[in-house]
Amino acid sequence: MSSESVVAGSTRCDRCGSVMRCAVRQAIIDGRLRSEVESTCAACGNGWATCSDGADDYVRSALLAAHGPSRLRLADGPFDDDALLLGLLRRYGGGGLFEVNAKVAELRTIGCTGTAVEMELLARVLRAAGYSVVLEGPRPSGQTGDTA
Ligand SMILES: [Zn+2]
């Protein structure tokens, strides 16, 4: 399983007022992106955790701040098939048509960026469709040895 995590920021415990440790994590679970936030208080044991499907802005920016962005570029594949790429990206990340169109243009030129886990997931989607991709920058831990 690929995942990336970081201890991000701190909040005050609402029970005892101590500083809580806040950990965020992104993982690929069953082929989908999962975002998790977990806060724990070392002083009194208070804690909470949330997780959500898809990208979470807080989790995302914490990971990007800690590890920097990864970049994914298309190396080879059915380059002239915009419709195929559009369909894949929409299924992968949703988003509006304008947003997805912009991403297709990015992929073809400078490459698109995101967290290591997001780019790993996108790489899997594209590889499964016959594209060859290049990943640059930080890689998620727990790499399962898949090849380009
Ligand atoms: Zn506490």
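By the beta carbon rule, with partners counted only under 4.7 Å, the chain holds these lone Cys residues: 22, 51, 112. Between 12, 32, 90, the Gaussian network model of the chain with springs among Cα atoms under 10 angstrom shows the greatest mean-square fluctuation at 12. Counting other Cβ atoms within 10 Å as a rough exposure proxy, the listed residues 81, 56, 30, 14 run 30, 14, 81, 56 from fewest neighbours to most. Between residue 18 and residue 110, the simple spin-label model (points 7 angstrom out along Cα→Cβ) gives 4.5 nm. Debye-formula intensities of the stretch 70-136, expressed as log10 I(q)/I(0) at q = 0.12 Å⁻¹, are -0.24 (one equal scatterer per alpha-carbon, no solvent). Using the alpha-carbon positions of the chain, Rg (one decimal) and Dmax (whole number) come out as 17.4, 60 Å. Using just its DSSP H runs of length 4 or more, each adding -39500 (n - 2.57), the chain gives a mean residue ellipticity at 222 nm of -10000 deg cm²/dmol after division by all residues. Restricted to Cα atoms, the stretch 3-66 shows a radius of gyration and a Dmax of 12.4, 39 angstrom.
Only the coordinates and a few stated rules stand behind these numbers; no lab work does. Since we're looking at a predicted model, the values are computed, not measured. Cβ atoms come from the backbone with ideal geometry, glycine included; neighbour counts cover every protein chain shown.
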